[in-house]
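> So that we are looking at the same thing, I have put the structure below in structure tokens.
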Amino acid sequence: MPRRDHPGNPLKAPTPEKKSDRNAGPQHPNGFTSKMNASHCIKIAVYSLDLPHYACADLRLVTPFRRLREHLDFRWAVQDCNGQSRIDADPVEWADLIVVQRYFPLKETSALLEIILASGKPVVFEIDDYLLEVPPSHPLYHNFQRTAPFIRDFIPRVNLVTVSTDAMRERLLGFNPNTVTLPNLIDEAAVTPAIPVADPTKTVIAYMGSPTHDQDLKLIEEALFRVKEKFGEATEFIFWGCAGTRLAELGRVIPFDDSYASFLKTLGKIHFDIGLAPLADNPFNRCKSNIKWLEYSAHARAGIFSDLEPYRESVAHGKTGMLVGADPKEWFAALEYLISHPDQRKAMGRAARKDAFARFGLSKGVHRYLELYKGLLKR
């Protein structure tokens, strides 16, 4: 999938925005003026260098906030202007509560962060990747090194830290005891019905991830080539957004799409039978979420996942997916089984869909945002 890490430079130099018209009303990411009665809504200013259509912004803030539109309103206070981030400070005054996301803390934003912290408004820091310990092999390592010291300084000073996993919560509790887990939620309304199978004799194997996942894919290169050697034309491979030079030889490569909504629409139009989610074992990946399991499961597709924290709490091995170690032989064995047992594979996908919607459906969990924010405003 088009993951949270945008493949370009995510740390664009911010530029100050001119004073906005404070009578214009709350502005949404699409630029339209809200017509909601603000007196009945919690007003939230969002400061994020992710554009609203990026996966992190969409999953963690935009979609939940829109689902809660009867209870809250929000302004995305950062706009992209020809590759530069233009930041509007006015929403700080307008808002009841301020959310700062991911790598917004930087040297260039320090002055504004001080204004935010001194505003007297509750401040939430939202982070869904463990940016304090990014491995040197990560393509954006040097970019994230710029933000890490400012994140460390910022976290202890906010009222609440929201994270996507319990593993990350454990690592950040030492910085701020008011750290809570808001798991990623799958929007049931965004999932389209599965398309008919074009060729029932062929098993389609898919990997989805941004271009930052080359190191993860290398874990399973050997296994995928073995699968192709054994099953030949009975298998087809799709690499969505990320594929090393060798893997691109195996099948179709779909270009990275930085719009999460667009990705979900396209996902519903492409048939695949098995989804893959390898992860290299390091502290950064151990704090990642189960988002690939959610996406594969929402479309009733069986998946094979690295046996690490992101998936251990979600996947019931053999029932709602398969958990495997780092040995390529384990990946080959799991793929061989799912290819050779289509009925069990389909049953696994159906069970995963039911479980994902029951535990992580947006309609089931979005109330947690409202509860947390209301709690902050009552303090």
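> Go through (1) modelled with pLDDT of 95 or more; (2) among the polar types (S, T, N, Q); (3) not in a helix (DSSP H, G or I) and name the single condition residue 85 misses.
(1)
> Right, something else. Tally time: how many residues in the range 220-249 are more than 27 Å from the chain's Cα centre (by Cα) and not in a helix (DSSP H, G or I)?
1
> Can we say residue 63 is at pLDDT 95 or above and among the hydroxyl-bearing types (Ser, Thr, Tyr)?
yes
> Hey, another quick one. Being open to solvent by less than 60 Å² (accessible area, probe 1.4 Å), assigned to a helix (DSSP H, G or I), within 27 Å of residue 160 (Cβ to Cβ) and in contact with a Gly (Cβ under 9 Å, 6 or more places away or on another chain): is that true of residue 331 here?
So residue 331 does not fit the description; no.
> Still on this structure: If I go through the range 122-153 residue by residue, how many of them are in contact with a Ser or Thr (Cβ under 9 Å, 6 or more places away or on another chain), open to solvent by less than 20 Å² (accessible area, probe 1.4 Å), not charged (D, E, K, R) and not in a loop (DSSP other than H, G, I, E, B)?
Number of matching residues: 3.
> Now a separate question. If you take the residues of the range 154-170 that are in contact (Cβ under 8 Å) with a residue 24 or more places away in the chain and over 15 Å from residue 125 (Cα atoms), which of them is most open to solvent (accessible area, probe 1.4 Å)?
166
> Would you be able to tell me the number of residues in the range 250-260 that are outside any loop (DSSP other than H, G, I, E, B) and open to solvent by 50 Å² or more (accessible area, probe 1.4 Å)?
Residues that pass the stated criteria total 2.
> Output the number of the condition that residue 346 fails; it satisfies all remaining conditions of (1) buried (at least 18 other Cβ atoms within 10 Å of the Cβ); (2) closer than 15 Å to residue 272 by Cα.
Only one criterion in (1) buried (at least 18 other Cβ atoms within 10 Å of the Cβ); (2) closer than 15 Å to residue 272 by Cα is unmet by residue 346, namely (1).
> I've got another one for you. Which condition from (1) among the hydrophobic types (A, V, I, L, M, F, W, C); (2) farther than 16 Å from residue 46 by Cα; (3) more than 23 Å from the chain's Cα centre (by Cα) is the one that residue 148 breaks?
Going through the list (1) among the hydrophobic types (A, V, I, L, M, F, W, C); (2) farther than 16 Å from residue 46 by Cα; (3) more than 23 Å from the chain's Cα centre (by Cα), residue 148 breaks only (3).
> Is it fair to say residue 367 is open to solvent by 10 Å² or more (accessible area, probe 1.4 Å) and either of a type in the set (Ser, Thr, Tyr) or over 30 Å from residue 124 (Cβ atoms) (or both)?
no
> A follow-up question, please. Identify the residue in the range 28-58 that is surrounded by fewer than 23 Cβ atoms within 10 Å (Cβ to Cβ) and part of a helix (DSSP H, G or I) and, among all such residues, is modelled with the highest pLDDT.
Looking at the filtered set, the residue picked out is 40.
> Just need a number here: residues in the range 178-202 that are open to solvent by less than 10 Å² (accessible area, probe 1.4 Å) and either in contact with a Ser or Thr (Cβ under 7 Å, 6 or more places away or on another chain) or polar (S, T, N, Q) (or both).
Number satisfying all stated conditions: 3.
> Out of all the residues in the range 203-239, which are open to solvent by less than 40 Å² (accessible area, probe 1.4 Å) and modelled with pLDDT under 85?
209, 210, 212, 213
> Right, here's the next one. Name the pairs: first residue in the range 64-86 and hydrophobic (A, V, I, L, M, F, W, C), second residue in a strand (DSSP E or B) and open to solvent by 80 Å² or more (accessible area, probe 1.4 Å), Cβ to Cβ under 9 Å, at least 6 apart or on different chains?
78/86
> Residue 175 versus (1) open to solvent by 40 Å² or more (accessible area, probe 1.4 Å); (2) of a type in the set (Phe, Trp, Tyr); (3) within 21 Å of residue 73 (Cα to Cα): which is the lone unmet condition?
(3)
> Does residue 140 count as at pLDDT below 95, under 30 Å from residue 264 (Cα atoms) and touching a helix residue (DSSP H, G or I) at 6+ places or on another chain (Cβ under 8 Å)?
So residue 140 passes the test.
> Any residue that is touching a residue at least 12 places away in the same chain (Cβ under 8 Å), closer than 13 Å to residue 273 by Cβ and touching a Phe, Trp or Tyr at 6+ places or on another chain (Cβ under 7 Å) - is there at least one of those in the range 323-335?
No: the range 323-335 contains no residue that is touching a residue at least 12 places away in the same chain (Cβ under 8 Å), closer than 13 Å to residue 273 by Cβ and touching a Phe, Trp or Tyr at 6+ places or on another chain (Cβ under 7 Å).
The values are calculated or read from the model by the stated rules, or taken from the named source; none is laboratory data. Keep in mind that this is a model prediction, so the values were computed, not measured. Backbone-built Cβ (ideal geometry, glycine too); neighbour counts: all protein chains shown. Each accessible area value is taken on the protein alone, full model and side chains, heavy atoms only, with ligands, DNA and RNA left out. Shrake-Rupley method; radii C 1.70, N 1.55, O 1.52, S 1.80 Å.
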